[in-house]
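Encoded as structure tokens, the structure appears first; notes follow it.
The values are calculated or read from the model by the stated rules, or taken from the named source; none is laboratory data. Please read these numbers as outputs of a predicted model, since none were measured by experiment. Cβ placement follows ideal geometry from the backbone for every residue including glycine, while neighbour counts extend to all protein chains displayed. What goes into the accessible areas is simple: the full protein's heavy atoms, side chains included, and nothing from ligands, DNA or RNA. Shrake-Rupley method; radii C 1.70, N 1.55, O 1.52, S 1.80 Å.
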Amino acid sequence: MNYGEIKKYDIANGEGVRVSMFVSGCTHHCEGCFNQETWDFGYGTPYTAETEAEILQALSPDYIKGLSLLGGEPFERPNQRELLPLLKKVKDTYPHKDVWCYTGYLFDKELCQDSRARCEYTDEMLQYIDVLVDGEFVESLKDISLAFRGSSNQRIIDVKSSLQIGEVQLWEKLNKA
């Protein structure tokens with residue numbers, strides 16, 4: 001897996017000050033995507049053990065609320081294989097910090113059911129994610145006033161509650177954000 005960028009003080013892609021990694025590789029190719037260079041799986045820098053250590057170190061200050069994964073597409077199958085060990089280490093090291101993930105795939109229709117994204121890593125990866133922003137970016141639904149998402153079709157989902165009750169539960173702070 002490659003990544004395009006790591007932001008160590010990101011305040012745009014999730015609640016609080018966050019460490020964000022923009023992975024490379026995306027097959028959605030949404031019209032109007034703000035990060036088209038990351039569609040290419042070969043774009044950017046190879047993800048290594050040193051990258052993982054850099055992310056874990058960047059998460060250490062108390063003022064860092066958590067990790068955000070964006071892209072590209074974190075739920076492309078090759079990216080899931082690489083991200084799962086990172087998510088395990090983040091939750092083992094910092095159980096009080098949250099993980100946000102942005103995906104073009106729909107939580108209930110594509111990540112929890114058979115699809116081109118779902119693979120042997122998907123269920124476990126979802127266990128480590130607290131908040132999922134799902135759905136492709138739709139240019140005609142773009143709204144810059146929305147918190148933490150680019151178009152109004154995208155949902156901000158409380159993953160743990162959704163998995164527990166078996167249906168989509170929107171993030172409770174959504175209406176307060």
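Observations
- With respect to the stated conditions, N35 fails to be among the polar types (S, T, N, Q), under 21 Å from Y121 (Cβ atoms) and touching a residue at least 24 places away in the same chain (Cβ under 8 Å).
Conditions (1) at pLDDT 95 or above; (2) part of a helix (DSSP H, G or I); (3) in contact with a Gly (Cβ under 8 Å, 6 or more places away or on another chain); (4) at positive phi, marked per residue:
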{"site": "L132", "(1), (2), (3), (4)": "yes, no, no, no"}
{"site": "E136", "(1), (2), (3), (4)": "yes, no, yes, no"}
{"site": "L146", "(1), (2), (3), (4)": "no, no, no, no"}
{"site": "I157", "(1), (2), (3), (4)": "yes, no, no, no"}
{"site": "S161", "(1), (2), (3), (4)": "yes, yes, no, no"}
{"site": "Q164", "(1), (2), (3), (4)": "yes, yes, no, no"}
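- Residues within segment 9-24 that are crowded, with 16+ Cβ neighbours inside 10 Å and either out of contact with any Asp or Glu (no Cβ under 9 Å at 6 or more places or on another chain) or among the hydrophobic types (A, V, I, L, M, F, W, C) (or both), tallied: 6
- Residue check, D114 under 13 Å from G14 (Cβ atoms), of a type in the set (D, E) and either in contact with a His (Cβ under 9 Å, 6 or more places away or on another chain) or open to solvent by 20 Å² or more (accessible area, probe 1.4 Å) (or both): no
- Across segment 150-167, the qualifying residues are those that are of a type outside the set (V, I, T) and touching a residue at least 24 places away in the same chain (Cβ under 8 Å), and the one among them that is most open to solvent (accessible area, probe 1.4 Å) is E167.
- Residues within segment 21-36 that are at pLDDT 95 or above, within 15 Å of E5 (Cβ to Cβ) and either acidic (D, E) or part of a loop (DSSP other than H, G, I, E, B) (or both), tallied: 3
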